[in-house]
Every structure is written in C-alpha cells, then in structure tokens.
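The next block holds one structure in the form of structure tokens; read it before the comments.
The values are calculated or read from the model by the stated rules, or taken from the named source; none is laboratory data. Just so we're clear, the structure is a prediction, and the values are computed from it rather than from any experiment. A quick note on method: Cβ atoms are made from the backbone with ideal geometry, for glycine too, and the neighbour counts reach across all protein chains shown.
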Amino acid sequence: MGRAYDPARATRERLKVLERQEKARAEARAVADGVAETVALARGRGAAIDKPAPRRGGRETAYRRMTGLEWLARKGRLTAQQAQAGERYGAVFRRAGESATIGSTLEVQPGMSSPGGPPLAVLLRHAAGRREAELRLAQMHRQLMSQRDLIEACDLVCGRELTPREAAGADREAARLEAVLKVALDILATGGR
C-alpha cells in the first residue's frame, strides 16, 4: 500500500531541496570570489595568469599560472630561439637544484629497498643525473661569461619561472631584467659565439 499524497510533506521536501541548492550556489560564489581575489593578488605581484576559454558546454576551465618564458613568448617579446634556449636553461637549472630524497635510516644496503627511502641504485642514478646537470649549468654559466646579471636573469625567469615583474618587483627594474635576459638568451641560443 502506498502512502497518500501529503502536500505539507511535499512542500517541506521541496524546501529542503531548494535550501541545499541555495547553499551550494552560495558556496560556489564564495569559492569563485576567493579564486578571483587570489588571482588578482598574484597579478598584482606580477604573475602571469592564464584563463583558457570555457570548454564546450559552457564548463569553466581552471586558471593556470604561466611561466615567465611563456608570458614573454606569448607577448612576442622573445624569438623562438630565445625561448628554446631559456627552456633548456630552465630544465638544467631545476635538475641541478633537485636534492635526492634520502630516508632517515642508517640501514641503506646496496640493491635493496630501504625502509626510509628509495633503493640505493635509484639514489645513485638521481645523483649522477643531478651532477651531469650541475656540469651542464656550469658550462652555460661559462657561455654567459660568468656575468652575474646575465646568470641571475636566467636563474629567475628561466629557472625559477618568474615573470620579469615578479622577479624585479617594479616595472622599471622588470624592463631592465627583460633586456638583460634577452641578451643572455641570445648568447645561449648561439652557443656563446
């Protein structure tokens, strides 16, 4: 036997549904406001934030922080060769700066997986790759004639992936950093010739 239709109960259930929907909309608005504030603050510090167009069906896409090289290339401020040289420098810089994850144990045994971290063979491969990157980075620094300003510009924009404004803090210094970076990337792109 089915229950008889109760208009009061149906109204209460409909109100509960409407309350849940309104609560979800309010939470979504709060999240959107928080994201907008965070993006505005990041942009104020000089970060380049990209918001791709909504996907088919009107679904929103996520914000994405662009790297300094991406931002400069998108603005047409770097040639393709400069951007490629910057990408190579950045990859080597980040690889050279990585530290191996070593567990907190004194029981590391060759060929065995230690309880505190990866196997010794993995640690050795990682250390060898890092050392190779350090040597390659030193070679790139020699290409830049060990000039502190050229190296620092590459470290900040290519390695740490900051925009010139993020790295320099002000527009005038950002313009200077961008100019120095272009010279450094030209040198790296031509192999120091």
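Quick look at the numbers
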{"read-out": "Candidates 83, 73, 100 - the one that is at pLDDT below 70 and under 27 Å from residue 139 (Cβ atoms)", "value": "100"}
{"read-out": "Answer residue from segment 155-193, given it is more than 27 Å from residue 41 (Cβ to Cβ) and either polar (S, T, N, Q) or touching a Phe, Trp or Tyr at 6+ places or on another chain (Cβ under 7 Å) (or both) and is surrounded by the most Cβ atoms within 10 Å (Cβ to Cβ) among those", "value": "188"}
{"read-out": "Flag for residue 138 being assigned by TED's automatic domain parsing to the domain that holds residue 78, closer than 22 Å to residue 96 by Cβ and at pLDDT below 95", "value": "no"}
{"read-out": "Test set (1) at pLDDT below 85; (2) in a helix (DSSP H, G or I); (3) of a type in the set (Val, Ile, Thr) - residue 92 fails condition number", "value": "(1)"}
{"read-out": "Scope segment 129-174; condition aliphatic (A, V, I, L, M), in a helix (DSSP H, G or I), in contact with a Gly (Cβ under 8 Å, 6 or more places away or on another chain) and under 13 Å from residue 86 (Cα atoms); matching residues", "value": "156, 157"}
{"read-out": "Hits in segment 144-154 (condition: surrounded by 19 or more Cβ atoms within 10 Å (Cβ to Cβ) and polar (S, T, N, Q))", "value": "none"}
